[in-house]
Structures are given as structure tokens and as C-alpha cells.
1. So for segment B:6-261, taking the charge dipole from beta-carbon charges (+1 Lys/Arg, -1 Asp/Glu), which of B:Leu51, B:Leu253, B:Val65 sits furthest toward the positive end?
2. Return the aspartates and glutamates within reach of B:Lys18: Cα separation strictly under 18 angstrom, same-chain partners fewer than 8 residues apart disregarded; answer none if there are no such residues.
3. Name the shape class, rounded, prolate or oblate, that the alpha-carbon gyration tensor gives for the protein assembly as shown, where a ≥ b ≥ c are the square roots of its eigenvalues, rounded holds for a/c under 1.5, and otherwise prolate holds if a/b is larger than b/c and oblate otherwise.
4. Plugging the Kirkwood radius over Cα pairs into Stokes-Einstein for chain B, at a temperature of 4 °C and a viscosity of 1.567 mPa s, what D comes out in µm²/s?
5. Using only the alpha-carbon atoms, how far is helix A:214-227 inclined from the longest principal axis of chain A? Give it as 0 to 90 degrees, nearest 10.
6. Sort out for me the Cα centre separation of segment A:41-99 from segment B:233-253, rounded to whole Å.
7. Treat the count of other C-beta atoms within 10 Å as a stand-in for reagent exposure and order B:Arg44, A:Arg17 from fewest to most.
8. How large is ³J(HN,Hα) for each residue in segment A:89-94, as worked out from phi by the Karplus curve 6.51 cos²θ - 1.76 cosθ + 1.60 (θ = phi - 60°), to whole Hz, x for Gly and Pro?
Amino acid sequence: MNWMIRELRGAYAFVERNINLTKRYWGWEIVWLISSLVNSLAVTYIGAGMERISGETLDTQYIITYLLVGTLIWSYLSVIFYSISEMIAWERWEGTIEYTFMAPVSRLTHLVGTTLFAIGYGILRTLVILLIVAAFFRLDLSGANIGGAVLLLLAGSVSFVGLGILAAVLPLLYPERGAQMTNTAAAILLLISGVYYPVATLPGWLQAIASVSPATYVIEGMRGCLLRGESTGSLLPTVFTLIGAGIGVTAVGLVIFRKVERYAKRTGRLKRSG
Amino acid sequence: MSIPALELVQVRKVFFKKESSAKRFSRSRREVVALDGVSLSVGRGEIFGVLGPNGSGKSTLIRLVSTLLLPDGGTIRVFGHDVVREETIVKRMINRVSVDAAFFKKFSPLENLSYAARLYGLPMREARIRMREILLRLGLKEDAFTQPMEQLSRGMQQKVAVARGFLTSPTLLLLDEPTTGLDPHSKRDVQAFVREIRAEHDATVLLTTHDMEEADRLCDRIAVIDEGKFIALDTPAGLKTKVGWRNGQPPTLEEVFLELTGHPLAEKEVVE
């Protein structure tokens, strides 16, 4: 019981710390939010302009919603991914990495705290973007299965937690260029996961890689819920697959992280930099 | 016989440094022996000093004890617990104050200390009272408690670092050059607090420093370290007896160091 209370306090340390960091770096938050918002608008306007681009009559409303779902879900999933993958890079930058790693909290507790914050922050941020973008376009979600979409989004979050841990290993291994390598990993996921176009558009070998990206299933499932109103029952196999894959990737991620942490301790890479 | 607060047996730590060669894309690795078979035993309640120049292995020693590095050889035990195999137990018993006072710089002292208290699983109601007590005892004014750390002087930041180290009531406190760069007044405040910690809370202190006066004033015993090896270990008075009196005066620790190592403390180059 004492152990549980101590670990819960430890997990909350990361939630509170990240809330405080968000408040202190509010200027950055606004800049980042505007950047995401402008990106969402720019992508969605491609859909709005498709008739003019092609010179043909198209279902513009469908294309707009198709792109908007992709950009918003990617915005949410990338917050989860970056919040977790940057937990090491951020500590290095602040110079607190040694203090945090010396504390008697397990890496799982560290991760739980970081994930709780990431999910709450990601949902809030995505809702703000959705509300603003909705003012620019006429969105018709009357036939959408919102409950199923939320379920799918939460299941997808689990997978992205696992991917985030795997990416967090990079700044631990490469103190100087690890954070940039994390950006590259996110860019690859963006390319292959069908965020802005159907995965079938990709060459065969990229489609094969896309089939192991959880984002592919989250985004496709979300489009099914929001554009085609697919039932929650039909989504359940995808939901269970995402949760199962998420738990598997998270467990593997933790094992790899633990091994890399020991390697970092053997080679002296935990030292602060910057 | 009681278990030592800290015991090192033949501890060895080697780093490999990459070196670029004249040949394009070619790199070689140079072995740097940071600690070379170091052994020591520190009793409960003792203030044990490790005196040496920059790059002599002092910080490596502290990082090994604080579980931030893994030894390449030998064993390290804190109150009988192995730092590698019983890492979590050891982590609950120790805390460390380092020379660079690493904090979230936009956070206030209270926010940084709250983070530390939660990480160590302390009940927050008690921790909040204790934070204020320790900060006031260290001479920090109350209006500084809520200012961002980046707006505080180096001396004030280091006092917050000492407060953070002591907040968790460690039975072994690791002080890695805690007064380096402090003004004389702040230095005295920190040194007085270290003595108080030992006297009132039965804490054991491992202190690394290159400040001879500080080592002389605070430590019960001192190990002189040079190029990763202990070259002498004794009480301050005992160390001084190893060197004869000069001009009718007892030698200073500076003179002792010069005699033992063959070079003055300040002129040693950094290899770490």
C-alpha cells in the first residue's frame, strides 16, 4: 500500500511538473498552437480547392472532412508521441536529467505520469484546434459515431505511448542529435500512416510498412466513424488490436529503455548537455 | 560491528573518449581511467571529504554512488545495499547536491522542491512546511521562494539545491563541490548547514571539493585523489603530519597536496 501511494505521488510529480512547464512556457505553447492551427487550415483548404485544382465536380465536403480528420488526429497523436519521446530531451535541455534519474521512481511510474499529462493535454489542444477550424468550414458530423471515435482515439493513444518510449531511447543514446532523430521518426509515421491520403496511394513497399503503424488503423477507423458513421461494434476488432499492440509495444519499449538506460549509465551519457 | 554508511571495494570506472584523426571519417577511442581501484569505508555520521583537482575522479565517484553511473569493476554498498543490484533501495537513502545546481529554471524554488518531494513520495502537507523551514534556515528570504530560479543569484540557487538535497532526509548526503562559485557569506551558510545536518540528523556526508579550507573545516577524514587513485587517506591533522612543518608553522592542506601529488591543486588539467 505504501509502495502504491509512493508511486502515485511519483507519477503525479510528472503531471504537475508538465502542467507547470506548460504554464511557464506559455509563449511557446501559443506559437506551437498557432503553427498547428495554420497547418490544419492549410491542409484542409487543399480539400476546399480541389474542384478548382482539378476542374471537375467533386464531393468537396467529404474531402474537407477527410483531410480535417487526418490533420486533427495526427495533431493529437503527435502530442502523445512528442510528450513521451521528448521526456529525456527536455530533461537534458533543462539540465535536470541526473536529478530525475537519481530519484527512487520506477521508469514505469515516470511513463505513467508523462502519459497522463500527454493525453489530457493532447485532448485539450486538439479540441481548441477543432473549435477554431470549425469556424472556417461547414462541417457535417450529423451521421458520425462520436462515441466510437473517442474509443478508437483512446485505444490508439496506448499504441503511441509505446512508440513514444521507443523514440525516447534516441536522446538517451545520442545526447546531441537524438531529439532530431525523434522528429525524423515522427515524419516517417506521418508519411506512411495515411494522414492526408489513403494508404493505397503509396507504393507497395511503403504500404507494407504502413501496415505496422498504429496511426494507419486509428486514422482509417476514425474516418470510418466520422465520415461513414460505422458502428462501434464493427470497430471493436481494431480497438482490441490497437490496445493489444499498444501494450506489446509499450512493454517492449520499457525493456529496451531499461537496457539503454543501463548502457547510458555505463558510458556516462546521462550527464546533462546544453 | 556496525555496517558502514558507504563502502567502496576496488571500484574502477573507465570512459572511452572519441578522438578525430587527421584521416577523414576516421575516429579512434582513447581510454580514460576515471577511477582506478578505489576503496574506502565511511562510518555512519561521518563527514568524509574527497579532495582533488578537476578531472581527478571526484564527480565520477559521486555519480557512481548516486546510481547515475555503473562501475566497471568492484562493489559499492550504501548501508550494506549494493548500488547496482539494489538500486531503488539505495536511491531512497541518498540525495545529491551537485556543483551545477540543476533546476527547472522557470520554476520557483518552491515548485522545484515540490517536484522533488513528490518524486521521493513525501506527504505534501509536511513537505511544504519543511521546504520553508529549510530555505529560511539557509538564509533565503521569503520573497525569493516564488521567484523563477533563473532570476536568483548563483548563491541563492545553490542554497535551494542544498535544501532540495536535505528535504528528503537522506541518510547519506552526497555533496559534489556544493560551495564552488559561492561568495564567502553563502559558502559559510552552506558549510554551517552541513555541520548542522550531521549534528542534528545523524546524516553521513560524502563531500568532494577542491577547496582545502573547506575540507579542513568540515571533514572528519579526507581522501586525496589524483588521476583516479586515492594517494592518501587520513584525518586533516593526520594528513598534515605526513608533511613536515615549514618555517615553524604546521603545513596547510594545500602544501600537503603539493607534497603528495607533486603538483599544485589549481594547475591540474581537466581530463574528465
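Bear in mind these aren't lab numbers, they're just calculated from the coordinates by the rules spelled out. This is a predicted model, so every value here is computed, not measured. Positions of Cβ are backbone-derived with ideal geometry, glycine not excepted, and every protein chain shown enters the neighbour counts.
1. B:Val65
2. A:Glu176, B:Glu31, B:Glu272
3. prolate
4. Taking Rh from Cα pairs, D becomes 66 µm²/s.
5. Roughly 40 degrees, rounded to the nearest 10.
6. Segment A:41-99 and segment B:233-253 have Cα centres spaced 70 Å from each other.
7. Going from least to most buried by this count: B:Arg44, A:Arg17.
8. 4, 5, 5, 5, 5, 6
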